[in-house]
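Visitor: Here you go, one structure.
Any read-out appearing in this document is the output of simple, stated calculations on the displayed coordinates, not a laboratory observation. If you're wondering where the values come from, they're calculated on a predicted model, not measured in any experiment. Cβ sites come from the backbone with ideal geometry, for glycine too, and all protein chains shown count toward neighbours.
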Ligand code: ACO
């Protein structure tokens, strides 16, 4: 039966110029390249300049996505931004990005706050808009400047995060309703509010009137992440009528290489099918998946027709997955 699918027609990414290696960090806090590499898989991360904002990173990734989609900014019917590091508390940073990109007046713009699951949440909302025929072409952007809410004196957290942005352009396309269609084949999002205190910024508008700094119960996050990421991947594969044997790639949220390999193993995937970018990007929260996707497509690693699962988990806790044929 024919149906509307949201096809990824463009991809983009951007990393700020300044790179901070593990050795650089060892000069700031009591840590070492050896500790960070073996516990997390991270070797270096990118950090935004003082006057470089989330919107600046987002605009660069979005411009690349628009270019690779071979469309112009006026073709976009809606923009969704996933971020936990907005430029201002209000308005939504997506509105600022819409203005900078020159989207046509009236184009809806909204932000989604779902932490590291932000891209999967945003993709789900954009796909729903397309399938309900509320929009034909939607720009989904994830951008973070986590360095601005990082406590650079806390070695437990400051070694884990980085700044960056990724984007995709989705466009409506008729499909046959089978797993052979290109586009988003299934999405599923979840949350568990009982885990609110295990991973958070310890400030906020209504509580402290500050943005706060990132804090987490690393061991709890670790355990929950492996199970929830596996569950989300299994669910979207089952919804799409495929198994892990059919997958060309898994693009998991990049929080820790040990979490990534744990999930890959639980899903029975060979290592070479699991995309890992954490070594040079660290954890850029909502941006890790579109950054990894765009980088892999630019390198020619991920190609048209490939079957891919995205899965993410983050503060909230939130988690989710998407099954996509590129
Ligand atoms: N350098 C050196 N030593 C450190 C550092 C550091 N940067 N950070 C912590 N340590 C020390 C600790 O103080 C502790 O010392 P102690 O035994 O003397 O008290 C020791 O290393 C071991 O610490 P653990 O917390 O047991 O280390 P663990 O093996 O659990 O690894 C980590 C910590 C990497 C944070 C891990 O728990 C983890 O990956 N958790 C998942 C959380 C995550 O990835 N969060 C990202 C955001 S959430 C998300 O994106 C889903």
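Visitor: List pairs: first in segment 25-53 and within 22 Å of residue 143 (Cα to Cα) and without any contact (Cβ under 8 Å) to a residue 60 or more places away in the chain, second away from the ligand (no atom under 13 Å from the Cβ) and assigned to a loop (DSSP other than H, G, I, E, B), Cβ under 9 Å, 6+ apart or cross-chain?
Guide: 49/16; 49/17
Visitor: So how many residues does segment 222-266 have that are in contact with a helix residue (DSSP H, G or I) (Cβ under 7 Å, 6 or more places away or on another chain) and without any contact (Cβ under 8 Å) to a residue 12 or more places away in the chain?
Guide: So the count comes out to 1.
Visitor: If we only count helices (runs of 4 or more DSSP H) wholly inside segment 1-74, which ones have 1 or more residues that are touching a helix residue (DSSP H, G or I) at 6+ places or on another chain (Cβ under 9 Å) and under 19 Å from residue 96 (Cα atoms)?
Guide: The qualifying helices (runs of 4 or more DSSP H) are 54-69.
Visitor: Any chance segment 281-290 includes a residue that's closer than 25 Å to residue 199 by Cα, more than 16 Å from the ligand (Cβ to nearest atom) and either over 14 Å from the mean Cα position of the chain (by Cα) or touching a residue at least 40 places away in the same chain (Cβ under 8 Å) (or both)?
Guide: Within segment 281-290, none of the residues are closer than 25 Å to residue 199 by Cα, more than 16 Å from the ligand (Cβ to nearest atom) and either over 14 Å from the mean Cα position of the chain (by Cα) or touching a residue at least 40 places away in the same chain (Cβ under 8 Å) (or both).
Visitor: While we're here: Of the residues that sit in segment 236-247 and are part of a helix (DSSP H, G or I) and buried (at least 19 other Cβ atoms within 10 Å of the Cβ), which one is farthest from the ligand (Cβ to nearest atom)?
Guide: 240
Visitor: Would you be able to say whether some residue in segment 108-130 is surrounded by fewer than 16 Cβ atoms within 10 Å (Cβ to Cβ), in contact (Cβ under 8 Å) with a residue 40 or more places away in the chain and farther than 20 Å from residue 288 by Cβ?
Guide: no
Visitor: Next up: Can you pull out every residue in segment 184-226 that is more than 13 Å from the ligand (Cβ to nearest atom), closer than 26 Å to residue 125 by Cβ and outside any loop (DSSP other than H, G, I, E, B)?
Guide: 184, 185, 186, 187, 188, 189, 190, 191, 193, 194, 196
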